[in-house]
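See structure below.
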Amino acid sequence: METLKNAFDFSDFPRSDLVVAGVLALALAAFPFLSPSSFAMATMIQFFMFSIYGMGWNTIGGYGGQVDLGKAQYVGIGAYTTAVMLIRWDIPFWVSMPVGMCLSVMWSFIIGYPLFRLKGHYFAIATIATSLVLKDLFEVWDFVGAARGLEISPIKYHPPDFLRLIFRDDIYYYYIIFAFFLAGIVYINWFRKSRLGFQLRSIKDNEEVARSLGINVHWAKIKTYAIATAFVSVAGSFHACYIKNIEPEDTMSLDISILIALMAMLGGAGSLWGPIIGAGILIPLKSYLKEWLGARAGLVGIDLIIYALIIMVISAKEPRGIWGIVERVRRRKRRR
Amino acid sequence: MDILISSIVAGLLIGMILALVSLGLTIIFGVMDIVNFAHGEFLMLGMYTTLFTAQATGIDPLLTLPLAALVGFALGVACYYGFIRFLLRGPMVAQLLGTFGLMLLLRNLALLLFGSEDRALHHGLLVGKSFELGMGVIIPATKLAAAGLSIVTFAAVWLLMNRTRIGKALTATSLNAQGARYMGIPTSRMNALAWGIGGGSVTLAGGLLVNFWSVNPFVGLLFTMIAFTIVALGGFGSVPGAFFAALVVGLITEIPGFWDFVTYTFDIGWMSDVPMTSFKYTWVYLAYFVIMVVRPRGLFGWKH
């Protein structure tokens, strides 16, 4: 009961934040009724998915300060579990999603135990290495379709199918992922005030001090890594049902891992709203740049060049992200 | 037996070239504690430089190497002054993502300018020639020349680092940047020099590699990861470590060859069913993971 109350208690934020958040939430809830184009709808669903990835990353990477560049492997595990179970045994999403989550968490414990003996750059590169190993494995594993990947054919089912999450209309997907998104916010709101959340922040500030205060640093990191993993895996399972066609290259590539970390950093790592702001800027930017410029003849790659320049400018000029700017402005106002 | 020996020889040859590939990464890491994701992209640009110069002028690709090195040096210094300098103030996550942005930029610029198709060199003095060592071991002349030149360059950089005044200043900066600054060493200029040497050596390696490896804009990431593994095994920041680690990693990339050797020698049925060649580089990534967990300092590292 206390936990529930804590999770829904946003009162430590300034009122202006809450008003803005509430208005935005209402706008998001009403969005499908504004008759958006199907492209806009798909972009919004991507935005929700990447917000959830980013919120997951933010627990370990933002609050904990452990830069993890291997989150795509858990997108892959979640997506593949759901797809394989649906195609081979006709098991619905609501069963396969928790199973995928358990598998991801188990895998995260297996690799997390040795991984967290490393720090800083070494940790970051090691997470990339594990992610690439898993991707290579999936590319030759016939059971999961090897490099061709898996395809869920919607013809076999009768949309709208709420158990298997097969719909013809994007609006169903929109509200389901929106619900996951809100649940994610509530969970992170609890997490940042939980014992583990405080432990993590002290680990980020100074690991030696945290250890001397009696925090089991290694175990706290592993636990948080598992939480982050669970988030990513859930959205990965949804990804399988939504995209319906998954292959190792677009679920587990390094670019996805980097994009997840980048969003959280752009928005402001270590804050509740950071990854959401980051996803809200980067995802529409990326997909519209691709739409406008990516397909032009003679200009292949120009969208990614602009995207790369944005990454470079942010990391050089404003490494604490947009939320960092907001807080700086606020502090200046308070001082006056 | 033929397979075993030719795998070992091939592994050692590619290892010598990989040594030069990873040299720049280990110097840059040692001097300023920054991981350069764009390293493989520098290699790719070196490959393109040699390829286009050789094709346009018709001279032998090996003669264009100084140009490749010069391009890499200029690019490295330009990257430092134009971009990396600003990253050094930020937190680690910004540094990682910043160099990743640089990687994306270079890769997609190459895609925009040169197109996505594979390009390879088809002419030159050495292309197509090979030596036979007996016992079925055949060494292509291009690989042998590349390995030899790679060792020469590696030795030259090692001498520069250890026997000259400027090299000692560079080493001092990597051991203790603040201390070096107090001793009157211009550390910012040393950082730029590290990027110059790093860029120059890796584009030179690219120029050697393009003699027998086709190039496209996406070739970089593989070499970045291989270089990370080598640098991790040799110890981050250690120059001689990188050389020996590169030989080991070269042998690791030949694991499919060893696998074939065991399969045929002992005639083990199930082993021939494993699609080993598709795991060629998986072993490299796995090696990185194992090395970091078992011995984070690497073989010769002083930093952790």
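The values are calculated or read from the model by the stated rules, or taken from the named source; none is laboratory data. On a predicted model such as this, the values are computed, not experimentally measured, just so you know. Glycine gets a Cβ as well: all are built from the backbone with ideal geometry, and neighbour counts include every protein chain shown.
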| said: For a quick check of your reading of the model, give me the residue pairs whose first member lies in the range B:41-68 and is in contact (Cβ under 8 Å) with a residue 24 or more places away in the chain, whose second is of a type in the set (K, R) and part of a helix (DSSP H, G or I), with beta-carbon atoms closer than 8 Å and at least 6 apart or on different chains. | reply: B:E41/B:R107; B:M44/B:R107
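Conditions tested, residue by residue: (1) at pLDDT 85 or above; (2) more than 22 Å from B:G72 (Cβ to Cβ); (3) of a type in the set (K, R); (4) in a helix (DSSP H, G or I).
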site: B:I139; (1), (2), (3), (4): no, yes, no, no
site: B:L144; (1), (2), (3), (4): no, yes, no, yes
site: B:V157; (1), (2), (3), (4): yes, no, no, yes
site: B:A172; (1), (2), (3), (4): no, yes, no, yes
site: B:S188; (1), (2), (3), (4): yes, no, no, yes
site: B:N191; (1), (2), (3), (4): yes, no, no, yes
site: B:I197; (1), (2), (3), (4): yes, no, no, yes
| note | Note: among A:A147, A:A124, just one is more than 20 Å from A:G65 (Cβ to Cβ), of a type in the set (A, V, I, L, M, F, W, C) and within 14 Å of chain B (Cβ to nearest Cβ), namely A:A147
| query | Only one of A:K286, A:K317, A:K333 is surrounded by fewer than 22 Cβ atoms within 10 Å (Cβ to Cβ), free of Cβ contacts under 8 Å to residues at least 60 places away in the same chain and within 27 Å of A:M41 (Cβ to Cβ); which? | reply | A:K286
| task | Go through the residues of the range A:128-136 one by one and say whether even a single one is free of Cβ contacts under 8 Å to residues at least 40 places away in the same chain, assigned to a loop (DSSP other than H, G, I, E, B) and within 14 Å of chain B (Cβ to nearest Cβ). | result | no
| request: Return the total of residues in the range B:234-291 being modelled with pLDDT under 80, closer than 20 Å to B:I27 by Cβ and among the hydrophobic types (A, V, I, L, M, F, W, C). | output: 2
| note | Restricting attention to the range A:106-120, the residues that are without any contact (Cβ under 8 Å) to a residue 12 or more places away in the chain, in a helix (DSSP H, G or I) and either facing another protein chain (nearest Cβ under 8 Å) or crowded, with 21+ Cβ neighbours inside 10 Å (or both) number exactly 1
| note | The condition of being within 14 Å of another protein chain (Cβ to nearest Cβ), crowded, with 24+ Cβ neighbours inside 10 Å and hydrophobic (A, V, I, L, M, F, W, C) holds, among B:A194, B:A246, B:A232, only for B:A232
| field | Within the range B:197-209, tally of residues that are over 11 Å from B:F42 (Cα atoms) and in contact with a Phe, Trp or Tyr (Cβ under 8 Å, 6 or more places away or on another chain) | value | 1
| message | What are the pairs with Cβ atoms under 8 angstrom where one residue, in the range A:184-201, is small (G, A, S) and the other, located anywhere, is in a helix (DSSP H, G or I) and surrounded by fewer than 17 Cβ atoms within 10 Å (Cβ to Cβ)? Sequence gap at least six, or different chains. | response | A:S194/A:N6
| query | For the range B:106-130, what are the residues that are free of Cβ contacts under 8 Å to residues at least 60 places away in the same chain and either within 7 Å of chain A (Cβ to nearest Cβ) or in a helix (DSSP H, G or I) (or both)? | reply | B:L109, B:L112, B:L113
| request: Check whether at least one residue in the range A:68-75 is within 12 Å of chain B (Cβ to nearest Cβ) and either of a type in the set (K, R) or assigned to a helix (DSSP H, G or I) (or both), and report yes or no. | output: yes
| task | Among the candidates B:G101, B:G15, B:G82, single out the residue that is surrounded by fewer than 20 Cβ atoms within 10 Å (Cβ to Cβ) and either assigned to a helix (DSSP H, G or I) or within 14 Å of chain A (Cβ to nearest Cβ) (or both). | result | B:G82
| query | Here is a list of conditions, (1) surrounded by fewer than 24 Cβ atoms within 10 Å (Cβ to Cβ); (2) out of contact with any Ser or Thr (no Cβ under 6 Å at 6 or more places or on another chain); (3) within 25 Å of A:G149 (Cα to Cα), and A:D12 meets all of them except one; can you say which number that is? | reply | (3)
| task | Please indicate, with yes or no, whether at least one residue in the range A:67-80 is farther than 19 Å from A:I258 by Cβ and touching a residue at least 60 places away in the same chain (Cβ under 8 Å). | result | yes
| When only residues in the range B:136-159 that are among the small types (G, A, S) and over 11 Å from B:S201 (Cα atoms) count, which is surrounded by the most Cβ atoms within 10 Å (Cβ to Cβ)? | B:A146
| said: Being under 13 Å from A:Y175 (Cα atoms) and either surrounded by 11 or more Cβ atoms within 10 Å (Cβ to Cβ) or in contact (Cβ under 8 Å) with a residue 40 or more places away in the chain (or both) is the filter here; which residues of the range A:15-41 pass it? | reply: A:A25, A:L28, A:A29, A:F31, A:P32, A:M41
| request: Could you please find all residues in the range A:239-277 being of a type outside the set (G, A, S) and either within 12 Å of chain B (Cβ to nearest Cβ) or in contact with a Cys (Cβ under 8 Å, 6 or more places away or on another chain) (or both)? | output: A:P248, A:E249, A:L254, A:D255, A:I258, A:L259, A:I260, A:L262, A:M263, A:M265, A:L266
| query | Within the range A:226-279, how many residues are farther than 18 Å from A:V99 by Cβ and not in a helix (DSSP H, G or I)? | reply | 11
